[in-house]
Amino acid sequence: LLPHLIKNETVVDFRDQAFQWVKKYLGGPWARAEIKHFRCKGMRGDLTNYMYVCKLILWDGENDGLKILKTEANYPTKVTLKVYGEIDSYVGFNKVEMMTLNVILAERHYVPKIHAIFPDGRFEKYEKSRQLRAPEIGKAEATNHLADYLAGYHKMVMPFGKTAGRLEEMLDHYHAMALSVNFEDEKKAKLHKKIVRYNIYEELETLKEICFPCYDLVGFCHNNLSEGNILLTGSKDDRRMQVVGCDMSSYNYRSYDFGSFFASMEFDFGNPSY
């Protein structure tokens, strides 16, 4: 089932909302389509985006599908829709910067082509893909590709703040979250109380003393290079790796990308319990 969006205090079926977006922002055959020609399927998303595949049901000579005109041959008939998720609660989030970032990265071929961008999200080129798992990422071919990718990414010059303050901001942000969280479950609430008693503020300050000042080079970092953001795309004859989840990118210490990558490899993101 697709989620619902709350608009003006009324619940609107998401499929209807997505249909209005494709008609307004994609144009061509999408603008002429009726709701019977439209399909929208939810995909696995993340903190940054809710993801969907939108496609047109086309005429095949017999069905009641949409006929594509000769002048519309260059329009896509299947796209990825990304709707902004809980990222507005993320420390340092700026929607204008994120939209600008994605346009630049698409032009430089770091992320899929963007067909349209709008206040609630964006439409991207659809590419069939699957997430790579840690054992696959650990192979030489994959790590060599990631090394080349990061080398180029860290050298990019971007029109954003050039200081590396996000790491310290994130530590303070998550510390505040840890103190303010409330659990209805009695068992979890008891465990939370126990953890807070360990004086995590003192631990945080000790961590800052160890980490800062950091003498590592500052570069433009991905900041979210984990298993879930490394995909295998393309057909059988043209397989390639694609790094996604670039919305968190900013200037940062290069070592943050290396450290967070190796730390994420310790987790099993395929475990259904989590």
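Structure summary
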{"quantity": "Compactness index (Cα Rg / 2.2 N^0.38 Å), the range 97-223", "calculated": "1.44"}
{"quantity": "Simple spin-label estimate for Met158 and Phe118 in nanometres, 7 Å along Cα-Cβ", "calculated": "2.6"}
{"quantity": "Å³ per residue enclosed by the Cα convex hull of the chain", "calculated": "181"}
{"quantity": "For the chain, calculated [θ]222 nm from helices alone, where every DSSP H run of n ≥ 4 adds -39500 (n - 2.57)", "calculated": "-11000 deg cm²/dmol"}
{"quantity": "From phi via Karplus (6.51, -1.76, 1.60), per-residue ³J(HN,Hα) for the range 186-195 in Hz, x at Gly/Pro", "calculated": "4, 5, 5, 4, 5, 5, 4, 4, 5, 5"}
{"quantity": "Rounded to whole Hz, the Karplus (6.51, -1.76, 1.60) HN-Hα couplings of the range 105-113, x for glycine and proline", "calculated": "5, 5, 5, 8, 6, 8, 10, x, 4"}
{"quantity": "The range 139-188 - Debye-derived log10 I(q)/I(0), Cα point model, q = 0.24, 0.26 Å⁻¹", "calculated": "-0.93, -0.98"}
{"quantity": "5 angstrom amide H check on Val111, placed H, neighbours 5+ away", "calculated": "Ala106"}
{"quantity": "In sequence order, calculated HN-Hα J values of the range 165-182 (Karplus, 6.51, -1.76, 1.60; Hz; x Gly/Pro)", "calculated": "x, 5, 4, 5, 4, 5, 4, 5, 5, 5, 5, 5, 5, 4, 6, 8, 5, 10"}
{"quantity": "Between the range 139-184 and the range 201-262, the alpha-carbon center distance in angstrom", "calculated": "5"}
{"quantity": "Out-of-range pairs (alpha-carbon distance over 22 Å; input Lys82/Lys128; Lys95/Lys162; Lys55/Lys125; Lys128/Lys236; Lys78/Lys113; Lys78/Lys155)", "calculated": "Lys78/Lys155"}
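Each value in this text was obtained by applying a stated rule to the coordinates, not by laboratory testing. Because the structure is a prediction, the values reported are computed rather than measured. Using ideal geometry, Cβ is built from the backbone for each residue, glycine included, and neighbour counts are taken over all protein chains shown.
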